[in-house]
Each structure stands twice: as C-alpha cells, then as structure tokens.
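The next block holds one structure in the form of structure tokens; read it before the comments.
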Amino acid sequence: MSHRDRLKVRGRMLLLLGLLLALALPGVAAAQAPVFPDLIQLPVGFAPEGIAVGRGTSFYTGSLADGSVYGGDLRTGEGAILVSPQAGRIAVGMKVDTRTNYLFVAGGTGGEAYVYDAATGAEVAVIPLGLPGASFINDVVVTRDAAYFTNSFAPYFYRVRLGPGGALPDPVVAEPVMLTGQWMQVPGAFVFNSNGIAATPNGKRLIIVNSATGKLYRVDPANGGADEIDLGGEVMTNGDGILLHGKTLYVVQNRLNRIAVIGIAPDYASGSVDRYITNPNFDVPTTIAEYGKFLYAVNAKFGTPAPGTPYEVVQVSR
C-alpha cells in the first residue's frame, strides 16, 4: 500500500471515529445529566404548607397537622421525616439560612417560631412572638442580619436580630414592628392579612402580601413604614407565599392554582404582571422555593381532609 493510500485509510478511520463519538456523546451526556422529578410525593396525610430549599439539593416542608418537618432531595425525590411531630405545634412558612444551616419555621396559631438544625432536625431555639390562639405566625424571610416573621392576625411583623454569620443571639429576642404608612389592615378576629414575605438582596426593603386585600407592600424593616406597590390596578387575590428573584417577584395565588410573575421596578415601588404560571398538578399551592431554573410549589389542598390524602411538591419552570 502506497503512502497516499495509507493516508486515505487513516482519514476514513478518523472520520468514522468522529461520527461514532458524535452519536455516542449525546447519549452519555443524557445518561449523566441529573433528572429532577417534576412531582415529589410527600407522606400521606402530611398536610404541608411551607417549603424551603437548603444546601445542595435539599428541601424541607412542614406539616399543619402536627408541626413535623419533612426533609428531602430535589434530585432524587426521596426523603424522610426530619423533625418528629410536636404536640401543640404546627409548621407554616420556612426558610433555611445556609450560613448556619438553621431552618426557621413560622409556628402559626402557637404564636411562636422554631429554629432547627437542618442537617439533624435538632431543636436550636423556640422564639415566643404573638399570643397563642390570637396570632398566626405565617411566614419568614432571613436576611444578612435578621429574620422577619409575619403575623396574619395583627398589623405588625417581628424582627429577630442575628449575629455575625447568622449566629443566634443569647437570649433570642423578637421585636414587634408595627406596620404603618399605607398599610391597610382588614378588621376581624381571624382575617388573614399579612402573609408571604420576601426581602431585597441588601435587606433594606421587605415585600409583604396582604391576603385579605390582595395588595403588595414595600416595607421599611426598621420602622414598618409601608408603601403599596403599584401594580396598575392588578390585585393578588388569594396571595400567599412570595419569592423575589432579581427584579422578578413570584406570588402564589393559592386557590386560583397559579403563580403570578411580576416584573418589579428597581425601587420596588411598582410592577406589572407579565404572566401566570399554571400546572395541572397544582392543588391549592401555598408557598414556593427555587432551585436553578425551577420553582417548587407545595400543594396544601385546603378543604380536603388531611387523613388519607396524598400531598405533593410540584416542579415548574420559571
């Protein structure tokens, strides 16, 4: 075989090898790419309300039935009870401070907040907030220097100051901050007003939704001064959990089975509803958390008897 013929054979072999690699690599990549389930089953009868994403692909959701907390993995969809049922407790909104790996949980009618170790489920602190039975501690957001909790039955929120790196002070003290300015509190003993809460990246502004009026407010965390966010006449009916990502605000509208996507102004004073996220698996979603390009909503299924009812976490694209 001449030198020229050998070069032709070599060229054909290289071409064939390239074609084989082109066919094989996509399959290899697909096999290696993580497949995150779009529906995660929770324990039957769990009655979830809040959801939080923690370190890595971990997630947590709490029970309105008994105050227990379920910990799972978004990648596999698997999980187990992390915090056992607690007598007299319920678990509502929650957030993880990844600096300390503390899980902050709003305690609803108990008038308390709870802090757990997100890795072990060990109780770190119990924080008295409002009067038991006359309060509903609904949601929480954690900033660099404080954790803030809403009380749906009263026109104020609570500030729990944090130390360097998110350390809890000793003792842990909650400071009530009255909502003033344009805040409108709908009267009634058990009317749900302030509900979902988010914070701007620098922690200088809070955003709170009023479930009774469907209005959003930009709030000064230092003094409670509230300004209504101008949505051009749009109202967040059944507004529940909220999440701020950059200049996009997501608002869960629980009984409407949708998530409103709002483009928010740089000063957070106004915004416009760009679209709604819906999903056939939604069944009264209450709160959301984020991971990568996905949002995760938990189905509370209000109005459905909890015993024997299946519950889920639903994945949707942003």
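The values are calculated or read from the model by the stated rules, or taken from the named source; none is laboratory data. Treat the numbers as computed from the prediction; the structure is a model and nothing was measured. Reconstructed Cβ throughout: ideal geometry from the backbone, glycine too, with neighbour counts over all protein chains shown. Areas reflect the complete protein model, heavy atoms only, side chains present, ligands, DNA and RNA absent. Shrake-Rupley method; radii C 1.70, N 1.55, O 1.52, S 1.80 Å.
May I ask you to order 209-219, 166-176, 256-266 by the average number of other C-beta atoms within 10 Å around their residues, highest value first?
209-219, 256-266, 166-176
Sequence-ordered 3J(HN,Hα) estimates for the range 65-77 from the Karplus curve with 6.51, -1.76 and 1.60 and θ = phi - 60° stand at 7, 8, x, 6, 10, 9, x, x, 10, 5, 6, 9, x Hz, glycine and proline given as x. Mean-square fluctuations from a GNM of the chain, with a 10 angstrom spring cutoff on Cα atoms, peak among Lys95, Lys247, Lys301 at Lys247. With contacts taken as Cα pairs under 8 Å at a separation of at least 6 residues, the chain carries a relative contact order of 13 percent. Kirkwood hydrodynamic radius computed over the range 174-243 comes to 12.4 Å, based on all pairs of distinct alpha carbons.
Charge dipole of the chain (Cα centre as origin; +1 on each Lys and Arg Cβ, -1 on each Asp and Glu Cβ, all else neutral): 1540 debye, rounded to the nearest 20. Just to confirm the number: angle between the C-alpha axis of helix 3-32 and the first principal axis of the chain, 0 to 90 degrees, nearest 10? The helix 3-32 is inclined about 20 degrees to the chain. At a probe radius of 1.4 angstrom, the accessible area of the chain per residue rounds to 45 square angstrom. Highest GNM mean-square fluctuation among Thr120, Thr98, Thr109, for the chain modelled with Cα contacts below 10 Å: Thr120.
Couplings 3J(HN,Hα) for the range 186-193, derived from phi with the Karplus relation 6.51 cos²θ - 1.76 cosθ + 1.60 (θ = phi - 60°), are 7, x, x, 4, 10, 8, 7, 9 Hz, where x marks Gly and Pro. Rounded, prolate or oblate: which fits the range 45-128, taking a ≥ b ≥ c as square roots of the Cα gyration tensor eigenvalues, rounded meaning a/c under 1.5, else prolate when a/b beats b/c? Oblate shape, in that a/c is at least 1.5 and b/c is the bigger or equal ratio. Projecting the Cα positions of Val115, Gly79, Pro48 onto the charge dipole of the chain (unit charges on Cβ atoms of Lys, Arg, Asp and Glu, taken about the Cα centre) puts Gly79 furthest along the positive direction. Within the accessible surface of the chain, defined with a 1.4 Å probe on protein heavy atoms only, the carbon and sulfur portion equals 57 percent.
Shown for the range 40-193 is the translational diffusion coefficient from the Stokes-Einstein equation, using the Kirkwood radius over Cα pairs, a temperature of 37 °C and a viscosity of 0.692 mPa s: 209 µm²/s. Using every pair of separate Cα atoms, the Kirkwood estimate puts the hydrodynamic radius of the range 141-279 at 15.2 angstrom.
One Cα centroid belongs to the range 49-69, the other to the range 102-131; the line between them spans 12 Å.
Here's the picture: charge each Lys and Arg Cβ at +1 and each Asp and Glu Cβ at -1 in the chain, and of Ala226, Tyr276, Phe104 the one pushed furthest to the positive end of that dipole is Tyr276.
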